[in-house]
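The structure appears right after this line, and notes come after that.
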Amino acid sequence: MFGYWDALYFLYAFLIGLIISYLLMKWAEKVSMGTRRTGDGTKIYISGEDQDKVIPHFEHLSGYFTGRHVMWGLIRGVHRMFLVFRREHTGLLTDYVAYLLITIAIVLGALVIGG
Amino acid sequence: MTLPFLIIIPLFGAFSMPIVSLLGKKIKEYWAVIVSGATLAVSAKIFYTVWKTNEIILYTLGSDSPIGKGVKFPIRIVWEVDLFGALLALTIAFVGFLAVIYSLGYMKHDTGLEKYYTLILILELGMLGIVITGDIFNFYVFLEIMSIASYALVAFRNDTWEGIEAGIKYMFVGSLASSFILLGIALLYGQYGTLTMSYLAIKIAENPTLVAKIALAFFIGGLLFKSGAVPVHMWLADAHPAAPSSISAMLSGLVIKAGGVYAVARIVFGIFNPGLHAYLRAFNAPAVNMDVIGWVIVFFACLTLLVGNAMAVVQTDMKRLFAFSSVGQIGYILLGIGIGTLAYGTKAGELALAGAIYHIVNHALIKALLFLVAGAVIHQVGTKNLNELSGLAKKMPLTTFSFVIGAAAIIGLPPLNGFASKWIIYESSAMYNPVLAAIAVVGTVFSLAAYTRVLFTFLGRESDMIKEAKEPEKSMIIPMLILVAVIIVMGLLPWQISDKIMVPTARMLEQLNGEYIMALLKFIGGA
């Protein structure tokens, strides 16, 4: 079992990670390594801006940054996920019932096939 | 034998409330406090007895003999309390007691309080019944008692549309989920001819049929709904914020535990014991593959802890944020139960289960505190919109302090109680499958983001809404401070509590030597 205070390690790692990411982004923008803000809807490529190197199965992804450090596009993607969450509605009764039935169907299917 | 009093006292309290209320407003409030206090004392006694002796308490209502008189089956109900049930009973009675005290101030301006206190005692009674019963149909009866009281309490403030809408939705879909559970019970009874859980465990191990698997699926599906797991969590995000805050504290802290994750663990380990079925499979005998159910639980757990915590980040309604956070925390508990099933009989499995049980207790205390804080804010400021609550720390320092402790504990910051339970769940997940641990940590990052936002709001510049705000009255402050003290004390003794209480509880639930089943057989023999 890990020590009690070892949990602080999590906090350090998280904070240091956050600071490094921020510095990296600022630096990449400043030295013109190719990372730049191009606005919403920029396509994400696996490296640089080579259109032939679209990430397989993720062709539909679009981001906010472009250039070599395409990871920033993914960060934008996460941001958009939250925007979608924000639009959640309380839902209709029929939706609730449908979700319940789907859940039971999944459990039932898994147990009957594999159980 | 003190066990029956755990039901008799709140039952008597609830049904005598309309008569007692005729004696005056204050009397009924004191009556509710006395009844819930006495229930707490009984539950503490039962917990201490089970913990000290490490033996399961058995009690039969009705016939003592396992053989029916005049009919083929015995007419009786078996109550069977192991350490898990006793621990939950103590938690329920403790949080219930504080919620009743809090209500003295919080519900002061409401009318129809005799109905309110009757329902709150019935809610407590339902939950206590669930955690002490050893009879699957009796479990269903208590589940319905608890659920019906919850539906009514969610819609208690019937002058607002939120309460009515949430209550109706909760009732309709909750009843459907309950029907699936009842169908599961009917299938098991039809197949095996008994309703006693321990005896069902033996019967199912002897002859595990497709019907038993279908019944298990209905139980798990229905109980996932009752736990508020994703994707059947929507009712929770509506119902918990709509209820009065003292009730939200009980709904989020207790109802989704007793009627949800506790029942999942009891059915998976009590009726379909993974060890028993793994043993049968080792000899190529017919058995239920419990790994499948373990992975099903883990799948829903990961979904729940990610979506629940992520949804909490974007909320602007404080109570809705706490409700989504409850969804996220249920994910951790389910993860512990899932890994406990998958890694049954190993160190990782035992730790995971201990972590899940520990988190059930911790989350009950923490979420009760957070909802009481939300109630204090609504009571004093009149809004739960985070955009209007800026600068609350200066006007309500004690409430803000309570929130800070609650938020830090739920994120899992040492040295508070939430840290220890989450840490055990992370550790056991990492031992079983590091990917699951990574998912659990990502969930916590979302949780951190959500609560940091509220904290910044409280500490921000003073808004117009809170100019007149001041601390609530003592009856509301004291329960919050008691919870704060318990959270801090439990946080300072994390491994002692884990080693002395949670691990023995997990062992008793796992029943490596069939303790739960043997207790019944030793006592009386058959069904």
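The values are calculated or read from the model by the stated rules, or taken from the named source; none is laboratory data. None of these values were measured; they are calculated from a predicted model. Every residue, glycine among them, receives a Cβ derived from its backbone with ideal geometry; neighbour counts consider all protein chains shown. Areas reflect the complete protein model, heavy atoms only, side chains present, ligands, DNA and RNA absent. Shrake-Rupley method; radii C 1.70, N 1.55, O 1.52, S 1.80 Å.
For the condition under 21 Å from residue B:155 (Cα atoms) and without any contact (Cβ under 8 Å) to a residue 12 or more places away in the chain, what is the one hit in B:108, B:26? Answer to the selection: B:108. I'd like the full set of residues that are open to solvent by less than 20 Å² (accessible area, probe 1.4 Å), farther than 11 Å from residue B:96 by Cβ and part of a helix (DSSP H, G or I), limited to the range B:127-142. Those that are open to solvent by less than 20 Å² (accessible area, probe 1.4 Å), farther than 11 Å from residue B:96 by Cβ and part of a helix (DSSP H, G or I): B:129, B:130, B:131, B:132, B:136, B:138, B:139, B:142. Going by what's in this entry, would residue B:466 be described as surrounded by fewer than 21 Cβ atoms within 10 Å (Cβ to Cβ) and aliphatic (A, V, I, L, M)? No; evaluated as a whole, the condition is false for this residue.
Results for (1) surrounded by 23 or more Cβ atoms within 10 Å (Cβ to Cβ); (2) modelled with pLDDT under 90; (3) more than 17 Å from residue A:107 (Cα to Cα), shown as yes or no for each residue.
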site: B:215; (1), (2), (3): yes, no, no
site: B:220; (1), (2), (3): yes, no, no
site: B:229; (1), (2), (3): yes, no, no
site: B:249; (1), (2), (3): yes, no, yes
site: B:275; (1), (2), (3): no, yes, yes
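When each of B:350, B:388 is tested for being within 26 Å of residue B:263 (Cβ to Cβ) and open to solvent by 10 Å² or more (accessible area, probe 1.4 Å), the lone residue that passes is B:350.
Of the helices (runs of 4 or more DSSP H) contained entirely in the range B:238-286, those carrying at least 2 residues that are under 21 Å from residue B:349 (Cβ atoms) and in contact (Cβ under 8 Å) with a residue 24 or more places away in the chain fall at B:263-266, B:274-282.
Note on the range B:174-203: residues that are modelled with pLDDT under 90 and open to solvent by less than 50 Å² (accessible area, probe 1.4 Å) amount to 10.
Under the condition of being free of Cβ contacts under 8 Å to residues at least 12 places away in the same chain and not in a helix (DSSP H, G or I), the residues counted in the range B:438-466 number 0.
Residue B:383 satisfies every condition listed in (1) open to solvent by less than 10 Å² (accessible area, probe 1.4 Å); (2) more than 13 Å from every other protein chain (Cβ to nearest Cβ); (3) out of contact with any Phe, Trp or Tyr (no Cβ under 6 Å at 6 or more places or on another chain) except (1).
Residues that are more than 24 Å from residue B:367 (Cα to Cα) and of a type outside the set (Ser, Thr, Tyr) within the range B:439-465 comprise B:461, B:462, B:464, B:465, listed in sequence order. Among the conditions (1) within 14 Å of chain A (Cβ to nearest Cβ); (2) at pLDDT 90 or above, the only one that residue B:449 does not satisfy is (2). In the range B:131-154 there is no residue matching the filter, namely being within 14 Å of another protein chain (Cβ to nearest Cβ), modelled with pLDDT under 95 and in contact with a Lys or Arg (Cβ under 7 Å, 6 or more places away or on another chain). Does residue B:51 satisfy the condition of being part of a helix (DSSP H, G or I) and farther than 30 Å from residue B:374 by Cα? It is true that residue B:51 is part of a helix (DSSP H, G or I) and farther than 30 Å from residue B:374 by Cα.
Counting the residues of the range B:401-415 that are buried (at least 18 other Cβ atoms within 10 Å of the Cβ) and more than 24 Å from the chain's Cα centre (by Cα) gives 0. Only residues that are in contact (Cβ under 8 Å) with a residue 40 or more places away in the chain and within 9 Å of chain A (Cβ to nearest Cβ) were counted across the range B:298-310, and they come to 3. Among the residues of the range B:260-288, the ones that are within 11 Å of another protein chain (Cβ to nearest Cβ) and in contact with a Lys or Arg (Cβ under 7 Å, 6 or more places away or on another chain) come to 2 in all. Report whether or not residue A:80 is at the interface with chain B (Cβ under 7 Å from one of its Cβ atoms), open to solvent by 90 Å² or more (accessible area, probe 1.4 Å) and either at pLDDT 85 or above or under 24 Å from residue B:230 (Cβ atoms) (or both). For residue A:80, the condition - at the interface with chain B (Cβ under 7 Å from one of its Cβ atoms), open to solvent by 90 Å² or more (accessible area, probe 1.4 Å) and either at pLDDT 85 or above or under 24 Å from residue B:230 (Cβ atoms) (or both) - is not met. Can you pull out the residues in the range B:429-460 that are of a type outside the set (A, V, I, L, M, F, W, C) and closer than 11 Å to residue B:392 by Cβ? Selection gives B:457, B:460. Taken over the range B:311-333, residues that are within 13 Å of chain A (Cβ to nearest Cβ) and either touching a strand residue (DSSP E or B) at 6+ places or on another chain (Cβ under 7 Å) or under 27 Å from residue B:514 (Cα atoms) (or both) amount to 2. Quick check on this structure: which one of B:237, B:282 is crowded, with 24+ Cβ neighbours inside 10 Å and at pLDDT below 90? Within the list B:237, B:282, the selection yields B:237.
Scan the range B:133-141 and tell me whether some residue there is touching a Ser or Thr at 6+ places or on another chain (Cβ under 8 Å) and free of Cβ contacts under 8 Å to residues at least 60 places away in the same chain. Yes, because at least one residue in the range B:133-141 is touching a Ser or Thr at 6+ places or on another chain (Cβ under 8 Å) and free of Cβ contacts under 8 Å to residues at least 60 places away in the same chain. Hey, any hits in the range B:65-72 for a residue that's more than 30 Å from residue B:472 (Cα to Cα), open to solvent by 10 Å² or more (accessible area, probe 1.4 Å) and either at pLDDT 95 or above or among the hydrophobic types (A, V, I, L, M, F, W, C) (or both)? Yes; the residues of the range B:65-72 include at least one that is more than 30 Å from residue B:472 (Cα to Cα), open to solvent by 10 Å² or more (accessible area, probe 1.4 Å) and either at pLDDT 95 or above or among the hydrophobic types (A, V, I, L, M, F, W, C) (or both).
If you check B:82, B:110 for being more than 16 Å from residue B:40 (Cβ to Cβ), buried (at least 24 other Cβ atoms within 10 Å of the Cβ) and among the charged types (D, E, K, R), only one passes: B:82.
Consider residue B:419 carefully, then state whether it is at the interface with chain A (Cβ under 10 Å from one of its Cβ atoms), part of a helix (DSSP H, G or I) and of a type in the set (Phe, Trp, Tyr). In short, yes.
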